[in-house]
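Notes follow once the structure below has been shown.
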Amino acid sequence: MNFHTNPRLLYLTSFLIFVALSLAIAVFPAIEASRVPPTPGLMPFSSTAQRGREIYVSEGCSYCHTQQVRPIPADQVFGRPSAAGDYAYSTPQLLGTERTGPDLINIGNRQPSSTWQLIHLYNPRAVVKESIMPSFWWYFQLKDQAGPGDVVVPVPDPWKPKGKAVVATPDALALLDYLLALKQPVLGTTATGTGK
Amino acid sequence: MRKGTSERLPEADLYKQSIARVIAETSQREDPVLTRIIFQYLGWATFWLVVGTLAGGLVALKFRFPDFLDAPFLSFGRLRAVHTNTVFWGWTSLAMMGLALYAVPRASKTELYSIRLAKTALWIWNVMVLAGILALASGINNGNQEYREYVWPLFLLFAATLILHLINFYNTVVRRKMKEIYISNWYILSAFLWTLVLGTIAYLPWYQHGLGQTVIQGYYMHNGVGMWFTPLAVGLTYYFLPLFLNRPIYSYALGVLGFWTQLVFYTLIGTHHYIFSPIPWLLQTIAILFSAGMMVPVWAGTGNFLLTMKGMGGLIRRSYSLPFLLVGIVSYGIASAQGTAEAFRTANLYWHLTGYTVGHAHFTMYGFVAFLIWGGIYGLLPRLTGKEPPVKAVGVHFWMSTVGLAIYVVALSIGGTIQGFQWIAQNPFIQSVTAMAPYWLWRAVGGMLMILGHLVFAYNLFHMRPAAKAARALEAGGQA
């Protein structure tokens, strides 16, 4: 009986070691981390915001935008350091591994203007000249005449198509809702449920 | 690869003649049915390589020209996943499965257990890759979670393929006509077992939520490389390097040491992709500790391969497969050392979340894994089909891929470092974007060279194709 001549022993051993280590390093810690209660004051996403979150995932936004503030000076600009409970309502997780654009975990507080957010989604370069973010024009409609109840996006020239009104679709508004809902609850205060 | 000067030497002529004789003799002995199926694997892998790297090239261009081809299904966020998944599963995995169809039975001095299983596995896998591309381009994914972006029905196809290969390879090893299980088959078969476990853990949904899913993400994305691509590439090299050099591996014991340390150390270090995140600090520290430990299997492998190649400089220069293996082996050592360095907390302050990591990822998956695959293909296929590729075209492929990769990695390493320093200086964020602009352009230049190299490789592969069925039948009839 040895590894060099007994395939059953060799492969069973390598299989079982991997299973045991995986349970110890990944599965059990994941079960524990999944049970962390929400940070006090953290609000669950509304159904519209949740729909917006699905669009965010579908478009792969988190390949460029992290949602984690590290406890280091470089990250201070984005908010307070992230806590485990901040992610209680965030599945699939969107912490991200690359930060080509700014972190968005607290964007609802940092840029609360709906108008700015919608223009930026329609064409980021209309508000940030040097931006390299894709424009998500397919979440907007171009209309000759905006109807009643239409959310018209005041896109500035020269990005505004001539003679047309840029109207946000329900998907664009859902995405907006999600972005505005990304707010870090303040730590160390009694939760009132109203957020910041 | 300096053909121009060496061709004039009589010694080189002798070498060419002896190579031609080896190729002619071995190709007569090989089973044409196995050869055909291996070629189908490699042909499809190459097709996905071209598709996947064209997607990659477009992604790279969008860093400089964000409005270029901005249709929804070609937008950055969708196309990035198309690129990574197509080169991971379509190209790298399929090519290594194809090479394993030869390496596993030959390292056991026996025949492959079942050609039919290998054929079925190929088509299941191809359906998965194609459906994966269509789904990701349509915005249907399993979260932006690197390399588990395919939705779960596609994971079932993934698992089915691994199981078919496991049955095939295990029965092949059991039927071996030698006492010992050669080390290459330790790595190759284990890679299939480990990845089956890994994928199952990653795709079972009901125990991972919020940050818990991030814990699994670190484990999964890291071990996708560590327990699938790395053991397959290292295992194949343990077979092909001695075969092409016609000398035994330098140290068998180092191979065994590498195997067990790879298994224990690599499994534990996934969290080093989330240093400074809210994942428990202890998990992060364990990951950093064993990332340093990774130097044991990495140098056991790299050192073993380099010592096996020692003194064979003349042969390597004249061969068109060995230079690819050499680049692959050297990249394995250097890029892995780079990975260990990146795991430390201090290094994370500067490099985490920057383009530096993307450079590292290409150094490993391309410099290490893809080059070893090419070395294997250029060395093996002529032995199977009796047909050699145009030597100059192989040289063009080698240099385009090597220079392209070098430009790519250097550009992103410098650019990523600058990006990190911009954040540390707490400059306005957009400055880190504008500072990267020239480096992103150079990265695209490197990427374009790599893509052109792949087209040349596809051309070379076509030259090494097996004879058509009719021609073989005629030949067989003539001999009988």
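Kindly evaluate residue A:85 against the criterion of being surrounded by fewer than 22 Cβ atoms within 10 Å (Cβ to Cβ), touching a Leu at 6+ places or on another chain (Cβ under 9 Å) and either closer than 14 Å to residue A:187 by Cβ or modelled with pLDDT under 95 (or both).
So residue A:85 passes the test.
Kindly check whether there is at least one residue in the range B:391-401 that is assigned to a loop (DSSP other than H, G, I, E, B) and at pLDDT 95 or above. Steps first, answer last, please.
Of the residues in the range B:391-401, the ones assigned to a loop (DSSP other than H, G, I, E, B) are none.
No: zero hits.
Going through the range B:62-80 one residue at a time, which ones are buried (at least 18 other Cβ atoms within 10 Å of the Cβ) and of a type in the set (A, V, I, L, M)?
Result: B:79, single match.
Would you mention how many residues in the range A:49-62 are within 8 Å of another protein chain (Cβ to nearest Cβ) and either in contact with a strand residue (DSSP E or B) (Cβ under 7 Å, 6 or more places away or on another chain) or buried (at least 22 other Cβ atoms within 10 Å of the Cβ) (or both)?
The qualifying residues number 4.
Counting only residues that are farther than 21 Å from residue B:36 by Cα, within 14 Å of another protein chain (Cβ to nearest Cβ) and touching a helix residue (DSSP H, G or I) at 6+ places or on another chain (Cβ under 7 Å), which one in the range B:83-108 is surrounded by the fewest Cβ atoms within 10 Å (Cβ to Cβ)?
Taking the candidates together, the pick is B:83.
Per-residue answers, yes or no, for (1) in contact with a Lys or Arg (Cβ under 9 Å, 6 or more places away or on another chain); (2) over 16 Å from residue A:137 (Cβ atoms):
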{"residue": "B:56", "(1), (2)": "yes, yes"}
{"residue": "B:76", "(1), (2)": "yes, no"}
{"residue": "B:93", "(1), (2)": "no, yes"}
{"residue": "B:97", "(1), (2)": "no, yes"}
{"residue": "B:101", "(1), (2)": "no, yes"}
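If only one of B:259, B:244 is part of a helix (DSSP H, G or I) and away from every other protein chain (no Cβ under 11 Å), which one is it?
Details: B:259 fails: away from every other protein chain (no Cβ under 11 Å).
Going through B:259, B:244 in turn, just one is part of a helix (DSSP H, G or I) and away from every other protein chain (no Cβ under 11 Å): B:244.
If you go through the range A:63-95, how many residues are in contact with a helix residue (DSSP H, G or I) (Cβ under 6 Å, 6 or more places away or on another chain) and more than 8 Å from chain B (Cβ to nearest Cβ)?
Of the residues in that region, 1 qualify.
Which pairs have Cβ atoms under 7 Å, sit 6 or more apart or on different chains, and link a residue in the range A:90-116 that is at positive phi to one that is of a type in the set (Gly, Ala, Ser)?
What qualifies is A:96/A:62.
Working only within the range B:164-181, note down all residues that are within 13 Å of chain A (Cβ to nearest Cβ), touching a Leu at 6+ places or on another chain (Cβ under 8 Å), in a helix (DSSP H, G or I) and hydrophobic (A, V, I, L, M, F, W, C).
Once the filter is applied, which keeps residues that are within 13 Å of chain A (Cβ to nearest Cβ), touching a Leu at 6+ places or on another chain (Cβ under 8 Å), in a helix (DSSP H, G or I) and hydrophobic (A, V, I, L, M, F, W, C), the range B:164-181 yields B:166, B:167, B:169, B:173.
Quick check on residue A:178: is it surrounded by 14 or more Cβ atoms within 10 Å (Cβ to Cβ) and within 13 Å of chain B (Cβ to nearest Cβ)?
Details: surrounded by 14 or more Cβ atoms within 10 Å (Cβ to Cβ): yes; within 13 Å of chain B (Cβ to nearest Cβ): no.
Here the answer is no, as residue A:178 does not meet what is asked.
Among the helices (runs of 4 or more DSSP H) contained in the range B:265-368, which hold 2 or more residues that are free of Cβ contacts under 8 Å to residues at least 12 places away in the same chain, farther than 17 Å from residue A:72 by Cβ and more than 14 Å from every other protein chain (Cβ to nearest Cβ)?
B:313-318
When only residues in the range A:98-125 that are part of a helix (DSSP H, G or I) and in contact with a Lys or Arg (Cβ under 8 Å, 6 or more places away or on another chain) count, which is farthest from residue A:175 (Cα to Cα)? If you could, list the steps in order and put the result at the bottom.
Residues of the range A:98-125 part of a helix (DSSP H, G or I): A:107-110, A:114-122, A:124-125.
Narrowing further to those that are in contact with a Lys or Arg (Cβ under 8 Å, 6 or more places away or on another chain): A:108-109.
Values: A:108: 12, A:109: 16 Å.
Checked the range A:98-125; the qualifying residue farthest from residue A:175 (Cα to Cα) is A:109.
Residues B:242, B:248, B:231, B:278: which one is under 30 Å from residue B:318 (Cβ atoms) and buried (at least 18 other Cβ atoms within 10 Å of the Cβ)? Give the derivation first.
Details: B:248 fails: buried (at least 18 other Cβ atoms within 10 Å of the Cβ); B:231 fails: under 30 Å from residue B:318 (Cβ atoms); B:278 fails: under 30 Å from residue B:318 (Cβ atoms).
Just a single option satisfies the conditions, and that option is B:242.
Just to check your reading of the model, which residue among B:326, B:283, B:380 is over 21 Å from the mean Cα position of the chain (by Cα) and modelled with pLDDT of 95 or more? Working first, answer last.
Details: B:326 fails: over 21 Å from the mean Cα position of the chain (by Cα); B:380 fails: over 21 Å from the mean Cα position of the chain (by Cα).
The unique qualifying residue is B:283.
Okay, residues lined up against (1) outside any helix (DSSP H, G or I); (2) touching a strand residue (DSSP E or B) at 6+ places or on another chain (Cβ under 7 Å); (3) touching a residue at least 40 places away in the same chain (Cβ under 8 Å); (4) within 14 Å of chain B (Cβ to nearest Cβ):
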| position | (1), (2), (3), (4) |
| --- | --- |
| A:131 | yes, no, no, yes |
| A:138 | no, no, no, yes |
| A:146 | yes, yes, no, no |
| A:154 | yes, no, no, no |
| A:158 | yes, no, no, yes |
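Of the residues that sit in the range A:1-48 and are buried (at least 16 other Cβ atoms within 10 Å of the Cβ) and in contact (Cβ under 8 Å) with a residue 12 or more places away in the chain, which one is farthest from the other protein chains (Cβ to nearest Cβ)?
Among residues in the range A:1-48 that are buried (at least 16 other Cβ atoms within 10 Å of the Cβ) and in contact (Cβ under 8 Å) with a residue 12 or more places away in the chain, the one farthest from the other protein chains (Cβ to nearest Cβ) is A:48.
May I ask you to say which residue of B:423, B:440 is within 23 Å of residue B:331 (Cβ to Cβ), of a type in the set (Phe, Trp, Tyr) and either modelled with pLDDT of 95 or more or assigned to a helix (DSSP H, G or I) (or both)? Please lay out each step first, then the result.
Values: B:423 fails: within 23 Å of residue B:331 (Cβ to Cβ).
Every option except B:440 fails the conditions.
For the range A:165-172, does any single residue satisfy the condition of being buried (at least 17 other Cβ atoms within 10 Å of the Cβ) and assigned to a loop (DSSP other than H, G, I, E, B)?
No, every residue in the range A:165-172 fails to be buried (at least 17 other Cβ atoms within 10 Å of the Cβ) and assigned to a loop (DSSP other than H, G, I, E, B).
Go through (1) under 30 Å from residue B:351 (Cα atoms); (2) surrounded by fewer than 15 Cβ atoms within 10 Å (Cβ to Cβ) one by one and return the number of the condition residue A:106 breaks.
(2)
Given the options B:185, B:223, name the one that is at the interface with chain A (Cβ under 9 Å from one of its Cβ atoms) and either under 22 Å from residue B:243 (Cα atoms) or touching a His at 6+ places or on another chain (Cβ under 9 Å) (or both).
Values: B:223 fails: either under 22 Å from residue B:243 (Cα atoms) or touching a His at 6+ places or on another chain (Cβ under 9 Å) (or both).
Being at the interface with chain A (Cβ under 9 Å from one of its Cβ atoms) and either under 22 Å from residue B:243 (Cα atoms) or touching a His at 6+ places or on another chain (Cβ under 9 Å) (or both) holds for just one of B:185, B:223, which is B:185.
Does at least one position in the range B:205-212 carry a residue that is buried (at least 21 other Cβ atoms within 10 Å of the Cβ), more than 21 Å from residue B:282 (Cα to Cα) and facing chain A (nearest Cβ under 7 Å)?
To start, the set of residues in the range B:205-212 that are buried (at least 21 other Cβ atoms within 10 Å of the Cβ) comprises B:208-212.
Still in the running and more than 21 Å from residue B:282 (Cα to Cα): none.
Looking through the range B:205-212, none of the residues is buried (at least 21 other Cβ atoms within 10 Å of the Cβ), more than 21 Å from residue B:282 (Cα to Cα) and facing chain A (nearest Cβ under 7 Å).
Any chance you could count how many residues in the range B:134-161 are of a type in the set (Val, Ile, Thr) and within 14 Å of another protein chain (Cβ to nearest Cβ)?
So in the range B:134-161, the residues of a type in the set (Val, Ile, Thr) come out as B:140, B:151, B:161.
Next, from what is left, pick out any that are within 14 Å of another protein chain (Cβ to nearest Cβ): B:140, B:151.
Final tally of qualifying residues: 2.
On the given criteria, is residue B:171 modelled with pLDDT of 95 or more and buried (at least 23 other Cβ atoms within 10 Å of the Cβ)?
Numbers: modelled with pLDDT of 95 or more: yes; buried (at least 23 other Cβ atoms within 10 Å of the Cβ): no.
No; evaluated as a whole, the condition is false for this residue.
Within the range B:72-82, is there a residue that is part of a helix (DSSP H, G or I), in contact with a Gly (Cβ under 7 Å, 6 or more places away or on another chain), more than 10 Å from chain A (Cβ to nearest Cβ) and not aliphatic (A, V, I, L, M)?
No: zero hits.
The values are calculated or read from the model by the stated rules, or taken from the named source; none is laboratory data. Because the structure is a prediction, the values reported are computed rather than measured. In this analysis, Cβ positions are derived from the backbone assuming ideal geometry, glycine residues included, and neighbour counts consider all displayed protein chains.
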